[in-house]
Amino acid sequence: MAFDLDNPHEFSIFMTLHPDQLRKETYEKPATLLELTSIGTQPYMTLPLMAGVEMHHCPGHPGAPNKVAAALAAGFGHENARIHGPVHFTGESGETDLAPGMDSDMFDDFYSHLSAVCRDLGVRMWRQLRPSDTVSIHYDDLVPGDTYWFLNEAHRFRGFRDLPAGSPTLDIIPDARTLLCDDGFQITASGKWFMDRADRAPAGYWQRTGNQLLPADD
């Protein structure tokens, strides 16, 4: 999407979930609407879930059963719904054929419910990512020997060192620590994660998230 640079923090989220737990989120401008008559094998059916969130599916879809979507729907009172093929999660359509996306708060609340269903079923959702896609990498996924990139320069990660007690940095950033590399490069790291290209993520990232990296030409 092309973000509105005048309002970069205002966006809506649409999500698709396939029977094999492949998921895809798209981030759009708040005014963007999904035309529900264009999804899947028509006609479609809308199942209201929590406040501000709907699931749309096509009961006549010839694809595989979507067990995660069915379990999620059952948790919101839609037991025995025939849900096959991909489903689409949006904001409230208001009984029209056009649905807005979810705002970030709605999405976070909804996603926690969806994740709980996956845990109960013993499955994990995953996403396909291209090498240039930006991902969130947890610092704790790094292990000695991993490549750590800074300003397009590669370094060999060695470990972390706590800042000395009384460091003025800790007054400003309580969780700060020093990231050390074999070549002597070091930088102050704070928070739980940092952003980088998908093809620069350590192995732990893929193991933790279940995401799959696609070939560059896919």
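The values are calculated or read from the model by the stated rules, or taken from the named source; none is laboratory data. As the structure is a prediction and not an experimental result, all values here were calculated from the model. Neighbour counts are summed over all protein chains in view; Cβ atoms, including those assigned to glycine, are modelled from backbone coordinates with ideal geometry. Ligands, DNA and RNA are stripped out before the accessible areas are found, and what is left, the full protein with its side chains, is counted by its heavy atoms. Shrake-Rupley method; radii C 1.70, N 1.55, O 1.52, S 1.80 Å.
Specify the residue with the greatest mean-square fluctuation among Trp126, Trp206, Trp149, computed from a Gaussian network of the chain linking alpha-carbon atoms under 10 Å apart.
Of Trp126, Trp206, Trp149, the Gaussian network model singles out Trp149 as fluctuating most.
Would you calculate the separation in nanometres between label points at Lys67 and Leu170, each defined as 7 Å from the Cα along the Cα-to-beta-carbon direction?
A separation of 4.9 nm, rounded to one decimal place.
Give me the Kirkwood hydrodynamic radius of the stretch 3-107 in Å, from all C-alpha pairs, to one decimal place?
On the way: mean 1/r = 0.0716 Å⁻¹.
Roughly 14.0 Å, rounded to one decimal.
For an R0 of 35 angstrom, estimate the FRET efficiency from the Cβ-Cβ distance between Glu10 and Asp182 and round to the nearest 0.05.
Working: r = 43 Å, r/R0 = 1.23.
Efficiency for this residue pair is about 0.20.
Answer with one residue from Phe185, Ser104, Gln212: the one whose Cα lies farthest towards the positive end of the charge dipole of the stretch 82-218, charges on Cβ with Lys, Arg +1 and Asp, Glu -1.
The listed residue farthest towards the positive side: Phe185.
Using a 1.4 Å probe over the heavy atoms of the protein chains, calculate the carbon and sulfur portion of the accessible area of the stretch 112-198 as a whole percent. Walk me through the intermediate numbers first.
Numbers: 2690 of 5410 Å².
Ligands and nucleic acids excluded, carbon and sulfur give 50 percent.
At a 10 angstrom cut-off on C-beta neighbours, averaged per residue, how do the peptides 129-139, 77-87 rank from highest to lowest? Can you show the working numbers first?
Details: 129-139: 15.4, 77-87: 16.9.
Peptide ranking by packing, descending: 77-87, 129-139.
Read phi for every residue in the stretch 116-128 and hand back ³J(HN,Hα) as whole Hz from Karplus 6.51 cos²θ - 1.76 cosθ + 1.60, θ = phi - 60°, with x for Gly and Pro.
Listing the rounded values in order: 5, 4, 4, 4, 5, 8, x, 10, 9, 6, 8, 10, 9 Hz.
Using the Karplus curve 6.51 cos²θ - 1.76 cosθ + 1.60 with θ = phi - 60°, what ³J(HN,Hα) values do you get for each residue of the stretch 27-38, in whole Hz, with x for Gly and Pro?
10, 10, 5, x, 7, 5, 10, 8, 7, 5, 6, 9
Return the equivalent ellipsoid semi-axes of the chain as a descending list in whole Å, where each equals the square root of 5 times an eigenvalue of the C-alpha gyration tensor. Walk me through the numbers before you get to the answer.
On the way: eigenvalues 310, 73, 59 Å².
They are 39, 19, 17 Å, listed largest first.
Residue by residue through the stretch 39-52, which ³J(HN,Hα) values in whole Hz follow from phi under the Karplus form 6.51 cos²θ - 1.76 cosθ + 1.60 (θ = phi - 60°), with glycine and proline marked x?
Going residue by residue, I get 8, x, 8, 6, x, 9, 10, 9, 10, x, 9, 8, 4, x Hz, with x marking Gly and Pro.
Evaluate the relative contact order of the chain (contact order divided by residue number), counting alpha-carbon pairs under 8 angstrom at least 6 apart; express in whole percent.
Numbers: 403 pairs, mean separation 39.4, N = 218.
RCO, the chain: 18 percent.
Calculate the dipole size of the chain relative to its Cα centre from +1 charges on Lys and Arg beta carbons and -1 charges on Asp and Glu beta carbons; express the result in debye to the nearest 20.
Values: 17 positive and 31 negative charges, 167 e Å.
Around 800 debye, computed over the chain.
Give the separation of the Cα centroids, the stretch 164-189 to the stretch 196-218, in Å.
Value for the Cα centre distance between the two parts: 27 Å.
Under 26 Å Cα-Cα from Lys67, which lysines qualify once same-chain neighbours fewer than 8 residues away are excluded?
In chain and number order, the partners are Lys24.
If you roll a 1.4 Å probe over the heavy atoms of the protein chains, what accessible area per residue do you get for the stretch 48-183, in Å²?
Numbers: 7340 Å² over 136 residues.
The answer is 54 Å² per residue.
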